[in-house]
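Have a look at the structure below, then the notes.
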Amino acid sequence: MSSERSRSPGSSSPGSSWTSSGPSKASGQYHQLKGSVVETVGDVTGSQSWKESGQQERAQGEAEYKAAQAKEYIEGAMDRIGGKKESVLGALSGDRPLEARGNLRQSKGEMQQEVNKPI
């Protein structure tokens, strides 16, 4: 029974918490927080296995968050470039709705890149 209490909490392998569509910022932040809590419990109780498990989960959460951030930055670049193309095509052809959609998509992409810019 005592080995049951000293066992560290289960931790997942890197990337196992990622959704089927890839890494998630929300999931990454959750695992960072959970890992920090587990690490603190390990510090308070003196359990090295809990402390190490928490450190590992926190690091995995940070990696997932950064991967999601990079993915969203690239998606923003694709929207920015695609929007510019639509805007130019609309302007050249006189298709004002296409030009407006392109401008909107380009702005959306720029904002998405700004929000997900690596620090």
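Each reported figure results from applying straightforward, stated rules to the coordinates on display, with no laboratory input. Since we're looking at a predicted model, the values are computed, not measured. A quick note on method: Cβ atoms are made from the backbone with ideal geometry, for glycine too, and the neighbour counts reach across all protein chains shown.
Computed over the stretch 22-115, the Cα gyration tensor eigenvalues convert (square root of 5λ each) into semi-axes of 46, 8, 6 Å, ordered from largest to smallest. Take 22-29, 90-97 and order them by the average number of nearby Cβ atoms within 10 Å per residue, most first; the result is 22-29, 90-97.
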